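Structure first, then comments.
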Amino acid sequence: MTSAYPLLPDIVEDLRQARPTLWAGRGGQTQSTHHVSVEQVQQAVQRFERFAPLLAQLFPELQASGGRIESPLLAVPQMQAALGLSPDLGQCWVKADHGLPVAGSIKARGGVHEVLEYAEHIALQHGLLQDGDYLQLASDQARAVFARHQVAVGSTGNLGLSIGVMASALGFKAAVHMSADAKEWKKQRLRLRGVQVVEHAGDYAQAVAAGRKLAEQDPFCHFVDDEHSLSLLLGYAAAAPHLAQQLGQAACVVDAEHLLFVYIPCGVGGAPGGVALGLQQIFGEHAHCFFAEPVRSPCFMVEMLAGESALPGLGPHPSVYELGMDNHTEADGLAVPSASQLAADVVRGFLGGVFTVEDATLFRHLYLLESTQGMRIEPSAAAGFSGPQALLNSEAGRDYLQRHQLLEQMAQATHIVWTTGGLFVPEAEYAQFLARGQKLQQTA
Ligand SMILES: *Cc1c(COP(=O)(O)O)cnc(C)c1O
C-alpha cells in the first residue's frame, strides 16, 4: 500500500511553521469510532419539517420558503477562473450558507436544530403537543412554559447568534457566553434580541467551559455544548439530503466516474463533520470532504495527526497551543484551539482531509468572490476556496488522488466550496474586509 505516511513529517513541519499545508486522510486502517445512523440524520430532517410552519410564522423572512432554512447551490464560473482552476479539472460550485436566513451562517442548521429539539422535549413534557400541531408552540400557554427555561451557549459569535435568536423567538430565556475577542456587532445584535451576553476574558474554549459550569447548576437551563453536542452535528448533517436533491436538479451526477469534492471551513468540526457525515451516508466513498482551517488555528488537523501518532510527546487530544500556535486569526468563526472529539470520532474513517489557509488568502478570496460573482461573505467563510488548489497542487493532495485512482476522473468532478457565513456582517466592517482583500490581491 502506498500511503500518505511518508509525507507526514513534512506536514507536521508545515503545521508548526504555520505554513499552508494539506493532510489527506483515508490512508490507513483508521475507523470512525462513533457511528451515527441514517435514521438519526433523518430524524433531524423530519424535525425541521415538523417545525417549518411554526418557523414561517415566527420569522417573516421564512415565509417564502414555508419555514425551511435552506440555501442555494450556485455555479461560480468566474470565480473558478479567478482561482485558476481549469474546467478540465471539474466544475466549481458554491453552497451559499453565507446567506442562510435567521442566523446568517451555517450555524442556522446546527444551532436551530438543537433549540428545536429542546423545545420539542419541553413541550412534550408539558403535554403541549397532544394533537401534533406545532403552531400551538406560539401560544401564550406554550411561551409561558418556555419562559421558565433558559438556553445557554458558549460561542465565538455565530453559534450564539443562531441559538440566541431562535431561543428568544420561541420565548426561552437565552444567554450567550462569549470570548473577549468576539466581534462587537455580534454582541450588539444579540442584546437587541433580548439575549444576555456574558463576556469572558479568555479564548473561546474558556468561554464554553465557564458557560457549561454555570448551566450545570441550573436544572432549568439547557447548555448547548459545541464541543460535544450530537444534536448540533445532526442539524448540520440534515443539509446533505437537500444538497443531494440540488445536485440532482443541476444534473450533477455523483458516482465512481463523477466525484464530489467538498471544501468546508472548520472550527470545532461540528458543522463540517455533520455535513461530511450526511454526504458519506448518501454518496459513500464518492464524496470527498476536506476541512479548511486557519494556519494558526488548525485544531482539527492537529486532532487527526495526533490520531495518526504523528505528534509524539503530546497527549491524544492536543490543542493548537501545545504546538506553539497562538490561535490568532481574523476568521473568528474558526478561532478554536481544540477540536470536537465527537466530530473527530464521527469522521475519522472517511474524512478526505484537512488543509490550512493564511488569513491573507481568506481576504483575497473574499474580495475575488465579490468582484467575480457579487457574493458577500465573511473571512471565515472564504477558507474553502483554497481547497481545489491545495488538493491538486500539493504532494499530499496528488498522492491522495493517485492512491484512490481519481486523477483520470477529474474532468467530470464537482467541486463544492461551502461558504459558511456573512449575511449580517455590518456594511462598514465588510467594506474594510473588501479593501484589505483588494490590496492583497493587487500585490499578490
Ligand atoms: C462556526 C463556523 C464554522 C465552522 O463550524 P464548526 O462547527 O465550529 O466547525 C465555519 N464558518 C463559519 C462562518 C462559522 O461561523
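The values are calculated or read from the model by the stated rules, or taken from the named source; none is laboratory data. As the structure is a computational prediction, the values presented were derived from the model and not from experiment. Glycine also receives a Cβ, built like all others from the backbone with ideal geometry; neighbour counts cover every protein chain displayed. When the accessible area is computed, the model is the full protein with side chains, heavy atoms only, and any ligands, DNA or RNA have been set aside. Shrake-Rupley method; radii C 1.70, N 1.55, O 1.52, S 1.80 Å.
Couple of notes before you dig in:
- Within this structure, LEU259 fails the test of being assigned by TED's automatic domain parsing to the domain that holds LYS173, surrounded by fewer than 24 Cβ atoms within 10 Å (Cβ to Cβ), away from the ligand (no atom under 16 Å from the Cβ) and in contact (Cβ under 8 Å) with a residue 40 or more places away in the chain.
- Taken over segment 19-38, the criterion of being under 27 Å from LEU392 (Cβ atoms) and modelled with pLDDT of 95 or more is satisfied by ARG19, PRO20, THR21, LEU22, TRP23.
- Test for LEU342: is it at pLDDT 95 or above, touching a His at 6+ places or on another chain (Cβ under 7 Å) and assigned by TED's automatic domain parsing to the domain that holds PRO265: yes
- When HIS242, HIS286 are checked against the criterion of being away from the ligand (no atom under 12 Å from the Cβ), within 18 Å of TYR400 (Cα to Cα) and either at pLDDT 95 or above or open to solvent by 40 Å² or more (accessible area, probe 1.4 Å) (or both), a single residue qualifies: HIS286.
- Selected residue (criterion: modelled with the highest pLDDT) from residues of segment 125-157 that are within 16 Å of the ligand (Cβ to nearest atom) and open to solvent by less than 10 Å² (accessible area, probe 1.4 Å): VAL153
- Count of segment 245-256 residues which are in a helix (DSSP H, G or I) and open to solvent by less than 60 Å² (accessible area, probe 1.4 Å): 3
- Some residue of segment 62-78 being out of contact with any helix residue (DSSP H, G or I) (no Cβ under 6 Å at 6 or more places or on another chain), farther than 30 Å from SER297 by Cβ and touching a residue at least 40 places away in the same chain (Cβ under 8 Å): yes
- Which listed residue is open to solvent by 10 Å² or more (accessible area, probe 1.4 Å), within 15 Å of the ligand (Cβ to nearest atom), over 14 Å from VAL12 (Cβ atoms) and not aliphatic (A, V, I, L, M), from ARG398, ARG296, ARG376: ARG376
- GLY99 being within 16 Å of the ligand (Cβ to nearest atom), at pLDDT 95 or above and closer than 22 Å to ASP203 by Cβ: no
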